[in-house]
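Structure first, then comments.
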Amino acid sequence: MTDAPTIRRMANAIRALSMDAVEKANSGHPGMPMGMADVATVLFTKVLKYDATDPHWIDRDRFILSAGHGSMLLYSLLHLTGSKEMTIDQLKNFRQVGSKTPGHPERGHTESVETTTGPLGAGISNSVGLALAERILAAEYPTLFDHRTFAICSDGDLMEGVSQEAIAIAGHYKLSKLVFLYDDNGISIDGHTSLSDSVDQIARFKACGWNAVEIDGHDDEAIEAALRATEGSDKPTLIACKTIIGFGAPNKGGTEKVHGSALGADEVAAARKELDWPYPAFEVPGDVKSAWEQAGSRGADQRKEWESRYAALDAGVREDLERRLKGGLPKTFGKAMADYKAKLYAEPKEMATRKAGEAALTVVRSELPELVSGSADLTPSNNTLTKNMKVITPGDYGGSFMHWGIREHGMCGAINGMAIHGGILPVGSTFLVFSDYCRPPLRLAALMKIRVIQVFTHDSIGVGEDGPTHQPVEHLASLRAIPNLNVFRPADTIETAEAWEIAVASLERPSVLALTRQNLPQLRLKDAGENLTAKGAYELAGADGVAEVSLFASGSEVSLAVEAKKVLDAAGVKTRVVSVPCFELFFDQPGSYRAETIGTAPVKIAIEAAIRQGWDAIVGSSGGFVGMHSFGESGPAGEVYKKFGITADAVVELVKSLRGTAA
C-alpha cells in the first residue's frame, strides 16, 4: 500500500492544472492559484464541509473566490474533487467561448460557483451576506442550518473601498462563521503593493471587530491550525496567508510577471522541474487524483445525516421551507395583495409612493416570512421598516430588518449574497441618487439573475430643498441601461402595489423601485382585473376619438400628464395618457402590443423629471420631451418643478408648438 500523497503534492496538482490551462489559453492569471494552492488544499481536504456529489446541499460550507481573477484555482478544485461538469476538457478550454471555465467565475454558468466574482471586493461583500443569511436561517431553523463561509481574498479586494464597508458590517454583527483567507503575496499588476499601499491589515481587521492572524501560507500545519482555531469563535476571522505569487515558477515567481500573463513554455517547464511534477500537461497521477476524489466525497455522511433531520421536520414546516428555497410564493399571497388593492380602490389615497411602498411592503412581509428588509441609514425616509418587522441586532438574528449603516455599496453586495444563499428574499433601500454607490452589485445581481429588491426613494427633483447633490436626474437612465434589471417608477398606490407583486415573483431579474418623497394622487380608481404594471406601459386615459396627442410619463409626472390632458381636451385636442412604470417590461411585450400602446398620434411627448435618454425608443427622436436637461436646484419641490418647466402648462405649450397651431 502506497503512502497517501502529501498536501504539497496535492497542491501541486492545482498549480500544474492552473499554469497549463492559462498557457493553453495564452490568457489568464496563473500566479494566484499557484500561490494559494496550499491554503486551498488544506481547506478542501481538512476543513470545508461539502459533498461534491451534491453541490447544492443547502447546509454546505460556502467557498467564495473573491479573487476571481485566479479562477483556475476554483476550476482545478472542482475538477479534482469530482465535479461531473468540470471535466479535463473544460480546463483545456479555459477562457474559450461556450466553456464552463470563463475568465472569472460566473454563478449560474458553472455549477458549484457560488457567486460571480472578478470585480474586486464583490466576493467579500457577498460573503458577508452569505454568512448573515446562514445566521438568520439558523435562528429560525436551528437544527438545519449550521455552516460557515470561507472566502479567499486578495490585496486588490482589500484595497477596494467596499471591503471596509463589508468588514465593518461583519464585525459589528458578529458574523463568527465567516473566515477570510487573505492571499498576502504583496504583488499587484503594477508591481509590489508597497508602490501604493502600506495598510496594516491585521490591525485594520481587529479594529473592525475581527480576529486576525498571520501565517505562512505554504505551511500546511500552520494553515490547518489557523483554520481550526476559527471554530467556535465569537468573531469573524481574517487569516493573512503569507504566500509567494506563482509559487514554483523559479524565474517569475514572487513578481508581477506571473500575475496576469501566461508563464511561457520555458517557465512552465522550469516550474514542473521545481515542483517535481514530471507529468504532461493536464495529467494528474492516479494517487493524487484518488486522494482528491476522496476529499470531494468526505462530506457525504454529514449530508446524509442532515437529510435525516430534514425528513423529520413537520410536513408543513418542510413544505414551506422548500417553497422558500425555490423562491416560490405562498398560495395565500395573491389573495392578500388582491384584498389590499381592493381597499385602495374602495378608499383612494393620495400619498407619496414611498409611503405607498411601506403599506404594500407590510402586506408582502405578512405573507413572506423570508423577506429581510433594511436601509443604509435612511430608515425613516425609505419607509422600509414596517410594523410587522423586528430589527436584527448583533448576536440576535431572529429578525427581519437590517440597519446597514451608511454603507450603500456594502449593503447591496451583502444583499446579493443573501439572495445567493437561498431561503431569504432581501430588500435594501437608500435614496435614488445614492444608487451610484450601488451600481457594481446591481450590475452583478442582473448578471447573476438573482431576486433582489432595492427601494430607492426621493426619486427626482421633487427632493426639493436638498438641492442638486441629492436630486437624481441621470440615475433612471443609468439604471435602465443595465440589462436584466427591472426599474419601476410607479405613479400611485396601485402601481406601487403592482410593482411589489412583480418584484417578489421575479426569480431571475432583480428589481428597483424608484419612489417619491412628495404626495401623488391615486390615478387608478377601477380594478382592471389584471396587473397593468406588468405590461410596463399601458393606456391610463384614452382619447375621445382618434388621438391627436399621446402623453407618456412615469411616476410623479403621470399626474401632470393627466392634468395636461384635461386642458387639451377642453381645448378640443384629443389626447391620451400612457403610464410607463417599467421600460424593461414594456420592451418585453409583443411588438403588436408595443405598437398599439405607443399609438399613431402625430404628436408624442414624454414627461419625466429626469433626462431624456431612453425615451426616444417610445416617442421617437422627433417626439417632444418635458423633463431635465441639467442638474437641479435647491428649493421647495413645487418651485423647482416650475423653474425647470416640468408642469402641466409646459406640456400644453409644447403640444401647441409641435402641432403648429393654437390648441
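The values are calculated or read from the model by the stated rules, or taken from the named source; none is laboratory data. This one's a predicted model, so the numbers in the text were calculated from it and none came from an experiment. Note that we place each Cβ from the backbone using ideal geometry, even for glycine, and neighbour counts take in every protein chain shown.
How many of the residues making up segment 251-269 are in a helix (DSSP H, G or I), surrounded by fewer than 17 Cβ atoms within 10 Å (Cβ to Cβ) and either of a type in the set (A, V, I, L, M) or under 35 Å from the mean Cα position of the chain (by Cα) (or both)?
Counting residues in segment 251-269 that are in a helix (DSSP H, G or I), surrounded by fewer than 17 Cβ atoms within 10 Å (Cβ to Cβ) and either of a type in the set (A, V, I, L, M) or under 35 Å from the mean Cα position of the chain (by Cα) (or both) gives 2.
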For this session: Just give me the residues in segment 339-383 being among the small types (Gly, Ala, Ser) and surrounded by 15 or more Cβ atoms within 10 Å (Cβ to Cβ), in sequence order.
Result: Ala352, Ala356, Gly357, Ala359, Ala360, Ser366, Ser373, Gly374, Ser375, Ala376, Ser381
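Okay, residues lined up against (1) in contact (Cβ under 8 Å) with a residue 24 or more places away in the chain; (2) in contact with a His (Cβ under 7 Å, 6 or more places away or on another chain); (3) closer than 15 Å to Thr575 by Cα:
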| residue | (1), (2), (3) |
| --- | --- |
| Ala617 | yes, no, no |
| Gly624 | yes, no, yes |
| Met628 | yes, no, no |
| Phe631 | yes, no, no |
| Ala637 | yes, no, no |
| Lys643 | no, no, no |
| Thr647 | yes, no, no |
Exercise. So which residues in segment 516-535 are buried (at least 19 other Cβ atoms within 10 Å of the Cβ) and touching a Pro at 6+ places or on another chain (Cβ under 7 Å)?
Worked result: Gln522, Thr533
Problem set entry | Residue among Thr379, Thr393 that alone is more than 21 Å from the chain's Cα centre (by Cα) and more than 28 Å from Ala528 (Cα to Cα) | Thr393
Exercise. Among Gly572, Gly467, which is the only one that is surrounded by fewer than 17 Cβ atoms within 10 Å (Cβ to Cβ) and not assigned by TED's automatic domain parsing to the domain that holds Pro369?
Worked result: Gly572
Exercise. Hey, does segment 186-198 have a residue that's in a loop (DSSP other than H, G, I, E, B), touching a residue at least 60 places away in the same chain (Cβ under 8 Å) and more than 19 Å from Gly417 (Cα to Cα)?
Worked result: yes
Seminar exercise, completed: Of Lys206, Lys257, Lys273, Lys252, the only residue that is of a type outside the set (Asp, Glu), under 26 Å from Ala131 (Cα atoms) and modelled with pLDDT of 95 or more is Lys206
Seminar exercise, completed: Among residues of segment 318-355 being part of a loop (DSSP other than H, G, I, E, B) and of a type outside the set (Gly, Ala, Ser), the residue modelled with the lowest pLDDT is Lys349
For this session: Mind telling me which of the residues Thr41, Thr101, Thr45 ends up being of a type in the set (Val, Ile, Thr), under 20 Å from Ser154 (Cβ atoms) and assigned to a helix (DSSP H, G or I)?
Result: Thr41
For this session: Go over the candidates Leu181, Leu175 one by one and state the one that is modelled with pLDDT of 95 or more, part of a loop (DSSP other than H, G, I, E, B) and hydrophobic (A, V, I, L, M, F, W, C).
Result: Leu175
Exercise. How many of the residues making up segment 12-41 are of a type outside the set (Asp, Glu) and over 18 Å from Asp184 (Cα atoms)?
Worked result: 14
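Results for (1) small (Gly, Ala, Ser); (2) surrounded by 24 or more Cβ atoms within 10 Å (Cβ to Cβ); (3) over 24 Å from His192 (Cα atoms), shown as yes or no for each residue.
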| residue | (1), (2), (3) |
| --- | --- |
| Leu17 | no, yes, yes |
| Glu23 | no, no, no |
| His29 | no, yes, no |
| Ile58 | no, no, yes |
| Asp61 | no, no, yes |
| Met72 | no, yes, no |
| Ser76 | yes, yes, yes |
| Lys84 | no, no, yes |
| Phe94 | no, yes, yes |
Exercise. Got at least one residue in segment 199-222 being more than 29 Å from the chain's Cα centre (by Cα), closer than 20 Å to Val47 by Cβ, free of Cβ contacts under 8 Å to residues at least 40 places away in the same chain and part of a helix (DSSP H, G or I)?
Worked result: yes
For this session: Could you tell me whether any residue of segment 225-245 is assigned to a helix (DSSP H, G or I), in contact with a helix residue (DSSP H, G or I) (Cβ under 6 Å, 6 or more places away or on another chain) and surrounded by 17 or more Cβ atoms within 10 Å (Cβ to Cβ)?
Result: yes
Problem set entry | Those residues of segment 432-464 which are more than 20 Å from Ala170 (Cβ to Cβ) and in contact with a strand residue (DSSP E or B) (Cβ under 6 Å, 6 or more places away or on another chain), in sequence order | Leu432, Ser435, Ile453, Gln454, Val455, Phe456, Thr457, His458, Asp459
Exercise. Restricting attention to segment 496-503, does a residue exist that is of a type in the set (A, V, I, L, M, F, W, C), crowded, with 24+ Cβ neighbours inside 10 Å and not in a helix (DSSP H, G or I)?
Worked result: no
For this session: Could you check Leu513 against (1) surrounded by fewer than 23 Cβ atoms within 10 Å (Cβ to Cβ); (2) outside any loop (DSSP other than H, G, I, E, B); (3) not assigned by TED's automatic domain parsing to the domain that holds Lys642 and say which number it fails?
Result: (1)
Exercise. Which of (1) surrounded by fewer than 20 Cβ atoms within 10 Å (Cβ to Cβ); (2) in a loop (DSSP other than H, G, I, E, B) is the odd one out, the single condition Gln90 does not satisfy?
Worked result: (2)
Problem set entry | Cross-chain or 6+ apart pairs with Cβ under 7 Å, segment 286-309 first and on the phi < 0 side of the Ramachandran plot, then surrounded by fewer than 16 Cβ atoms within 10 Å (Cβ to Cβ) | Asp287/Thr2; Ala291/Ala4; Ser297/Thr53; Ala300/Thr53; Arg303/Asp54; Arg309/Thr143
Exercise. Between residues in segment 387-399 that are closer than 12 Å to His172 by Cα and residues that are surrounded by 14 or more Cβ atoms within 10 Å (Cβ to Cβ) and among the hydroxyl-bearing types (Ser, Thr, Tyr), which pairs lie under 6 Å by C-beta distance while being six or more apart or on different chains?
Worked result: Pro394/Tyr173
For this session: Considering only residues that are in contact with a helix residue (DSSP H, G or I) (Cβ under 6 Å, 6 or more places away or on another chain) and among the hydroxyl-bearing types (Ser, Thr, Tyr), look in segment 516-555 and name the one that is farthest from Ala650 (Cα to Cα).
Result: Thr533
